[in-house]
Each structure stands twice: as structure tokens, then as C-alpha cells.
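Visitor: Quick one: structure below, then a few questions.
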Amino acid sequence: FLSERFRTHKVKTIFSLLGVILSVALFVTTTFNGERAEKTLVDFSLGYFADKFHAKLKNQNDRIGITDELIEKIFYNKDLRFIDSIHNRIQKSVLISDGNETISVVYQRIDFSKEACDFKDLIGNCPDSNCEKKNSNTFISQALFLKMGSRSFDFLFEGKKYSVKDAEVLNSDGGIFILEDLSYAKERFGLANYSFLLLVISDNETKNLITLKSILSEIDNSIIIETVEEIKSRAANVLKSFHLNLIIISMISVLIAFFMVSNTMSGIFINRKRKLGILRCLGTSR
């Protein structure tokens, strides 16, 4: 009976199946977006393009940040020779208004001359590179470009307006951020200290991290060191309840969709059961 009804009432069947499909799609997208939210939080904590780093150093007081004197002490300390490289970062939250809404954007500063080889779109100083370095001090993520629809805009930081003109677009995977060169950013904002440091540590990473924590506590006890695993674990814990709630809500929508469709179909058959029995008694085919 139901198969015959599906065949003769195609539009109603399509809408019934569409309800189930949409609920399943909601479940899938909710799970996917939960994972993306976790990655976004990790990216914000570590700084974008931080896949190769092993540890992050920051000051308990964000206003003080990391000074050049601390970097010098770490660099010249003989017991910290296992640190292969130190990469300083300035990272702030700025506001951009596109006329309809105001969005919060991550502003980040890196040393292009030191880290050009880590960016496919900025390569120019690498001997094995065939790419030409783009002549720009400012880069924006593809997600920000698609949202703004322009490579020129203004943003607000601590109540002051700053302009970005003809920024290059990075072919980045997700993330809404602005990227500028170290010297240009310091000149723009007049910042002296850094938000945090990213470290690349050589072999025997666990033992070296323990040594690093011990020495840093002697140099400056206000400095916090976090490993990449600790940052990822904290991000997962922060979003765990949020992600779980999204999954529960999407699962409920899936169950409701299946219940409504199955209940509707069962009702259609039950309401016609007596009539179908009479027709069968009169010799009607199945």
C-alpha cells in the first residue's frame, strides 16, 4: 500500500524524504561545525600557521606581554640550546564594519623576512622557490575577503581607526584574520612588546620542555609556557559541552523527522485499513 502511495503521490513523498534528509544534514553540519569551532579556537590560541611549533610562551599579564629583554635572556642561555628557533607574534582583536554588521577579526603580526618560506603566498626568499614575493605589507585571509568583498577597508583598534589598502589575499583554509609584517605593524600601532612567542624545540621534546619550564621560572615567574597538546586539550574541554549540546539538538531533530514521517505513513494506512479489507473481499487486487 505504501509503495503504491509513494508511486502515485510523488510530491508528498519527496517532501517526506526531504524532511528526513534535512534533519540528517543538520546533524552532519553540526558535527562538522563543532570540529571547526575547536580548530578556530586552537588557531586563535596558537596563532595561524603554527603547525610546526612545539610550545607557546606568554605573560600572565597580557598588557605587559613579552619583552625583547626576555627574548635575549632565552637566546643567550646556554642551557636552552635545544630551542631551534624563536618566533615572536603580536596578536590582537580588531573590529571591522561593513555597513550592515561589525565583525571581530584577528590581527596578527609576523616577521615576513624570517618566515617567508612558511607561506606559499609569501615565498620569495627561499632558494628552491619559483614564486615571486608579493609586494605588500598587509595580507588578509580568503574568508575575510569573501565577507568584505574588498581588499581595502578600515578597522578599529582601541578606539582608533586604521586603514588597509590593496591587501593581498592569502589562499588560507578558514579563519578571518589580517596579517602584517613586523616592522610595519610596530610602526602602525607603536607597540613595543609581543603578545607571545612560538618555539621550535629539537629532539627529546618532553625532557626539553621540563628543562625550559624550570629555567623560565627562574628568569621570570610571570611567564607561562604551554605545549601544543595542552592548548588543543584546553580548546577541546572548553567546547566539549557546546559541541555535545549541538549534537543532542541535531539528534533530536533527526528523531522527530523520522517519527513524523513514520507516524504519518502509519496513520494513512490504519485509517484505510477497514476500507482496504472490504475492497480485498470484493476481489480487488493487492
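Visitor: Give me the residue from segment 69-110 that is part of a helix (DSSP H, G or I) and touching a residue at least 40 places away in the same chain (Cβ under 8 Å) and, out of that set, surrounded by the fewest Cβ atoms within 10 Å (Cβ to Cβ). Talk me through it step by step, then tell me what you get.
Guide: Initial filter on segment 69-110 (part of a helix (DSSP H, G or I)): 69-76, 78-80.
Adding the requirement that they be touching a residue at least 40 places away in the same chain (Cβ under 8 Å) leaves 70-71, 73-74, 79-80.
On the way: LEU70: 20, ILE71: 15, LYS73: 15, ILE74: 21, ASP79: 9, LEU80: 19.
The extreme case among them is ASP79.
Visitor: Among the residues of segment 208-263, write down those that are open to solvent by 60 Å² or more (accessible area, probe 1.4 Å), acidic (Asp, Glu) and farther than 14 Å from HIS54 by Cβ.
Guide: Of everything in segment 208-263, just one residue is open to solvent by 60 Å² or more (accessible area, probe 1.4 Å), acidic (Asp, Glu) and farther than 14 Å from HIS54 by Cβ, namely GLU218.
Visitor: State all residues of segment 8-35 that are charged (D, E, K, R) and modelled with pLDDT of 80 or more; if no residue qualifies, say none.
Guide: Restricting attention to segment 8-35, the residues satisfying the condition of being charged (D, E, K, R) are 10, 12, 35.
Result: LYS10, LYS12.
Visitor: I need a count of the residues in segment 143-155 that are open to solvent by 80 Å² or more (accessible area, probe 1.4 Å) and outside any helix (DSSP H, G or I).
Guide: Step one: of segment 143-155, the residues open to solvent by 80 Å² or more (accessible area, probe 1.4 Å) are 146-147, 151.
Keeping just the survivors that are outside any helix (DSSP H, G or I) gives 151.
Residues that pass the stated criteria total 1.
Visitor: Right, next: Just one of the numbered conditions (1) modelled with pLDDT of 80 or more; (2) part of a helix (DSSP H, G or I) is not true of ILE224; which one?
Guide: (2)
Yes/no per residue for (1) under 23 Å from SER150 (Cβ atoms); (2) at pLDDT 70 or above:
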position	(1), (2)
VAL42	no, no
LEU70	no, yes
PHE75	no, yes
ILE103	yes, yes
CYS117	no, no
ASP121	yes, no
GLY124	no, no
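The values are calculated or read from the model by the stated rules, or taken from the named source; none is laboratory data. The shown structure was predicted, so the numbers you read here are calculated from the model rather than taken from an experiment. All Cβ positions, even for glycine, are placed from backbone atoms using ideal geometry, and neighbour counts span all protein chains on display. Just the protein is used for accessible areas: all its heavy atoms, side chains included, with ligands, DNA and RNA removed. Shrake-Rupley method; radii C 1.70, N 1.55, O 1.52, S 1.80 Å.
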